Amino acid sequence: MTFLIIGAQIIVAISVIYVWIFRYDTIILEFKQFGLSDLARTFVGASKVSLATLLITGIWYSTLITIPAILMGLFMLSAQYFHFKIKNTFIKHLPSFIFLILCAFIAIATMIKI
């Protein structure tokens, strides 16, 4: 089970870092559609990259996993809210929904010490 948790951590962290660094133009467009400010985008981006870094660090220091997974999950839940708010198609909801499930899995698995 440990390998599944580590795999989920890596998938979430690498994906978030990739999107926020290499696909930033897409992020800019989405935040404009959501009606959110540049300051909000900067805060969310810095927070997500920091949390992703903590998830990777959690591979070696397991005490760093649960809280970042919960916080990242809350960001993904917020993304779901904003996608519903602007009535995006299902395909636009899918990435944040998958990461929400992965974050919930990571958090629950580390809290019950599977």
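Structural remarks
- Comparing Leu100, Leu55, Leu39 in a Gaussian network model of the chain, where Cα atoms under 10 Å apart are tied by springs, the biggest mean-square fluctuation is seen for Leu39.
- In loop segments of the stretch 49-114 as defined by DSSP, the trypsin sites (Lys or Arg not before Pro) with at most 16 further C-beta atoms inside 10 Å of their C-beta are Lys87, Lys113.
- 222 nm mean residue ellipticity, helices alone, for the chain (DSSP H n ≥ 4; -39,500 (n - 2.57); rounded to 500): -28000 deg cm²/dmol
- Assuming charge only on the beta carbon of Lys and Arg (+1) and of Asp and Glu (-1), the dipole of the chain about its Cα centre is about 180 debye to the nearest 20.
- Positive-end extreme of charge dipole, the chain - chosen from Ile21, Ser96, Ile67 (charges on Cβ): Ser96
- The angle between the Cα long axis of helix 24-34 and the main principal axis of the chain comes to about 60°, on a 0 to 90 degree scale.
- For a straight C-alpha distance cut-off of 23 angstrom, the lysines reachable from Lys85 (same-chain residues fewer than eight places away being disregarded) are Lys32, Lys48.
- Trypsin sites (Lys or Arg not before Pro) restricted to DSSP loop in the stretch 2-75 with at most 14 other C-beta within 10 Å: Arg23
Throughout, read-outs are computed from the coordinates displayed, never taken from laboratory work. The shown structure was predicted, so the numbers you read here are calculated from the model rather than taken from an experiment. Note that we place each Cβ from the backbone using ideal geometry, even for glycine, and neighbour counts take in every protein chain shown.
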